[in-house]
Amino acid sequence: MVKAKFKCDEVRRQLTMRDSGQKNELGSPIYKPVEMQTIIMSPVYGNGDPNHENTKFWNASPSGKLELGCINLAAAEQFELGKEYYLTFEQA
């Protein structure tokens, strides 16, 4: 397991299409428009204090980017611009 700490830098809203689960008269899927929010995050940066948690995370992972496209708007609302979040990666 790996733990990282990222900051929410941007939340982008866009319209996309999603399979509605229905089919037309020819049997092809019917798509409907849905809002997708893309949450963009980057690793926290060190602040010069070697004992500060963010400096320790920065020393371990000083670069990177996470983009998460989310059509579950209730989930997307959990991310606030400028706030920091822990990310835990473990093998599935």
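The values are calculated or read from the model by the stated rules, or taken from the named source; none is laboratory data. Keep in mind that what you see is a predicted model, and the values were worked out from it rather than measured. Here Cβ is always computed from backbone atoms with ideal geometry, including for glycine, and neighbour counts include all displayed protein chains. We work out accessible area using only protein heavy atoms, side chains counted, and drop any ligands, DNA or RNA first. Shrake-Rupley method; radii C 1.70, N 1.55, O 1.52, S 1.80 Å.
See the values below:
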| read-out | value |
| --- | --- |
| Contacts under 7 angstrom Cβ, first residue in segment 18-30 being within 17 Å of Ile71 (Cβ to Cβ) and among the basic types (Lys, Arg), partner open to solvent by less than 50 Å² (accessible area, probe 1.4 Å) and not in a loop (DSSP other than H, G, I, E, B), 6 or more apart | Arg18/Val34 |
| Tally of residues being open to solvent by 90 Å² or more (accessible area, probe 1.4 Å) and either among the charged types (D, E, K, R) or under 18 Å from Lys3 (Cβ atoms) (or both) across segment 78-92 | 7 |
| Count of segment 30-77 residues which are exposed (fewer than 11 other Cβ atoms within 10 Å of the Cβ), part of a helix (DSSP H, G or I) and of a type in the set (S, T, N, Q) | 1 |
| Given (1) in contact with a helix residue (DSSP H, G or I) (Cβ under 6 Å, 6 or more places away or on another chain); (2) open to solvent by less than 70 Å² (accessible area, probe 1.4 Å), index of the condition Phe6 fails | (1) |
| Of all residues in segment 9-29 being within 30 Å of Leu87 (Cα to Cα) and of a type in the set (S, T, N, Q), the one that is least open to solvent (accessible area, probe 1.4 Å) | Thr16 |
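Listed here are the residues, each with its yes/no results for (1) more than 24 Å from the chain's Cα centre (by Cα); (2) over 16 Å from Leu73 (Cα atoms).
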position	(1), (2)
Lys7	no, yes
Arg13	no, no
Thr16	no, no
Asp19	no, yes
Gln22	yes, yes
Ser42	no, yes
